Amino acid sequence: MIDLKNLTIEKAHQSLSKGEYTVTELVNAYLEVIKEKNKEINAYLEIYNDIDNQIKKAEEMFKNGTATILTGIPMAVKDNILVKGHIASASSKILSNYKATYDSFVIKKLKIQCPIFIGRTNMDEFAMGSSTETSAYGVTRNPIDTTRVPGGSSGGSAAAVASDMALVALGTETCGSIRQPASFCGLVGLKPTYGAVSRSGIIAMGSSLDQVGTLGKTVDDVEILFNAINGYDPKDSTSVPDIQRESIGKKINKKIGIPRGFLKGEGIDKEVLENFEESCKKLKKAGYEVVDVELPSIGYSLAVYYIIMPAEVSSNLARYDGMRYGLSDDASKIFDVYAKSRGLGFGKEVRRRILLGTYILSHGYYDAYYNTAVKVRQIIKNELLAFFNDFDAFITPTVPFPPFKLGEKLNDPMAMYLSDIFSAPANLADLSSLSVPAGKTKDGLPLGLQFTAPYLREDILFTIGKDFEKLV
Ligand code: GLN
């Protein structure tokens, strides 16, 4: 029996290298769990039909001595990441039959090492949501308490790792979609610097915010997977050139800021705040200087996000017109094809955001909403840039409340959107941010601590994250 609960990439790699078990045995152990649990959890929408082929290639690499750290490692893939020959639906009806004709950059890069892509995971439709309840293919349940949500939008990826249906997973973030489900499922989740990982082959939501990232049980696993997927890609105009990455200094001063004012908002759970104070104390004990700071602008992040994101959503999703991709409904006039296909294919939350975004960008409102939000975004960026002159990171809880019940916030969009309050600054300011498990509530629900670091300084997150991991 392989101890999947305590398995890490490094341990699995050691065992596979020494021949303690084969890739087939490792993958079968995960497939057994999937058989037993996926029906209830609904983490995976599909188990890929080419796993045997993938295993063969990975075993070949172990035989001929070319295996690397990720060879044979079972991995889950969010349903908005293109894997050639497989459906990628973004958990929407409108893409239910869309088969990827090419590999996304991240998949192409990973394939060199031959990990095992187990299948595609459920998500909020087009990554819009914080609970994986807006998927057209049913909700995903939190493996720690199946009456609760796993977070979102990468809820399927998080639930897969948390229930030992995959060792690690790929997710995407536009605002919190990796860190929030990681926090809700007791995992580590990384949202990399904007431009660190290519968005080529990722189904777009908000293009100035979208980023691929990683989920795992340990900081080490998340780092290993990040190292494998980041890098320059000429196919993404926002991809950071390698030379720019190398020129970044690697000094750490062990100085962390607590944006005190930001933690005083309404709707922040008492237990979350108590846990946060405990975490701060632990970091101080570990030799970090942890001090209160004033970052007045980041309090506007959520409002800014909910203007910029729907604007970008409405323009990105205009491409789903029933003509080029996926679902198409018949009508005699072209406008009716658009209207009927989009009406049938998009769920309620997606429609809400398209409407909001179209309004925000409309003549007469563009300046008042979109342009103003873009200006405030720049103020937030500048404020954080100045802050990072003296500090390595700022910390907050990852989410203002513990995992909530299924259905609890689904019909109250404002309550749902509040989930993203602590996530938004990193996405708006292009920064990397990491959520690490920080303990549990009295009822045993997982809580997370979030570190946000300067541009391209994922190394800081991994260092602090590993130090913090040992203290919990
Ligand atoms: N909760 C965020 C939203 O609903 C999630 C966006 C994301 O990161 N994909 O917009």
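Okay, here's what the table says:
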{"quantity": "Within straight-line cross-link reach of Lys333, lysines at Cα separation under 26 Å, skipping those fewer than 8 residues along the same chain", "calculated": "Lys93, Lys348"}
{"quantity": "Protection-proxy order for peptides 339-348, 390-399, each taking the mean of Cβ atoms within 10 Å per residue, highest first", "calculated": "390-399, 339-348"}
{"quantity": "Among 61-70, 150-159, 193-202, the order from most to least packed when residues are scored by Cβ within 10 Å on average", "calculated": "150-159, 193-202, 61-70"}
{"quantity": "The stretch 155-203 versus the stretch 425-472: alpha-carbon centroid distance in Å", "calculated": "13 Å"}
{"quantity": "By average C-beta atoms within 10 angstrom, highest first, the peptides 292-298, 143-149", "calculated": "143-149, 292-298"}
{"quantity": "When the convex hull of its Cα atoms is projected in every direction, mean area for the chain (nm²)", "calculated": "21.9 nm²"}
{"quantity": "Among Ser315, Phe346, Tyr370 - extreme Cα towards positive end, dipole of the stretch 292-379, charges at beta-carbon", "calculated": "Phe346"}
{"quantity": "Reach of Lys375 by Cα under 18 Å, taken over aspartates and glutamates that are not fewer than 8 positions away in the same chain", "calculated": "Glu312, Asp367, Glu383, Asp430"}
{"quantity": "The stretch 23-52 versus the stretch 393-423: alpha-carbon centroid distance in Å", "calculated": "30 Å"}
{"quantity": "When each of Lys56/Lys235; Lys56/Lys84; Lys405/Lys442; Lys254/Lys281; Lys78/Lys191 is checked by Cα-Cα distance, pairs over 20 Å", "calculated": "Lys56/Lys235"}
{"quantity": "From phi via Karplus (6.51, -1.76, 1.60), per-residue ³J(HN,Hα) for the stretch 312-325 in Hz, x at Gly/Pro", "calculated": "6, 4, 5, 7, 4, 7, 5, 5, 8, 10, x, 9, 9, 10"}
{"quantity": "Dipole magnitude (debye, nearest 20) for the chain, charges at Cβ of Lys, Arg, Asp, Glu", "calculated": "300 debye"}
{"quantity": "Point-to-point label distance, Thr441-Ala331, nm (Cα→Cβ direction, 7 Å offset)", "calculated": "4.4 nm"}
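We did not get these values from a lab; they are worked out from the coordinates using the rules stated. Predicted, not measured: the structure shown is a model, and the values here were computed from it. Here Cβ is always computed from backbone atoms with ideal geometry, including for glycine, and neighbour counts include all displayed protein chains.
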